[in-house]
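Single-structure report; data block below.
The values are calculated or read from the model by the stated rules, or taken from the named source; none is laboratory data. Model, not experiment: these values are computed from the prediction. Glycine gets a Cβ as well: all are built from the backbone with ideal geometry, and neighbour counts include every protein chain shown.
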Amino acid sequence: MKTINIGNISIRCGQCQTYQTLIGFKPGEARNVYTYECENHSCEPSTTRTLVEVPRDLDEFAQRDPEWRHGAE
């Protein structure tokens, strides 16, 4: 079975085209949710924030370090 490593994915803002930074992680029962925001200060986070859901059983990034809580809310 193939896995997904969120660390190998680049996310760009549809408004300013700047790459977004991973700022949050929330584990879930079926899917883990990663939150990204723009690296600049010109976009409003509430309108350009990106959520990426990864099936928990395929989430290589979270499985490598289950205690990782970067930017946990």
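Remarks
- Cross-chain or 6+ apart pairs with Cβ under 7 Å, segment 5-25 first and β-branched (Val, Ile, Thr), then in a loop (DSSP other than H, G, I, E, B): Thr18/Glu39; Thr18/Asn40; Thr21/Glu39; Ile23/Gly71
- Residue within segment 36-46 that is modelled with pLDDT under 90 and part of a helix (DSSP H, G or I) present: yes
- For segment 4-16, a residue qualifies if it is loosely packed, with under 13 Cβ neighbours inside 10 Å and either acidic (Asp, Glu) or farther than 16 Å from Pro45 by Cβ (or both), and the qualifying residues are Gly7, Asn8, Ser10.
- Residue among Gly14, Gly7 that alone is part of a helix (DSSP H, G or I) and of a type outside the set (S, T, N, Q): Gly7
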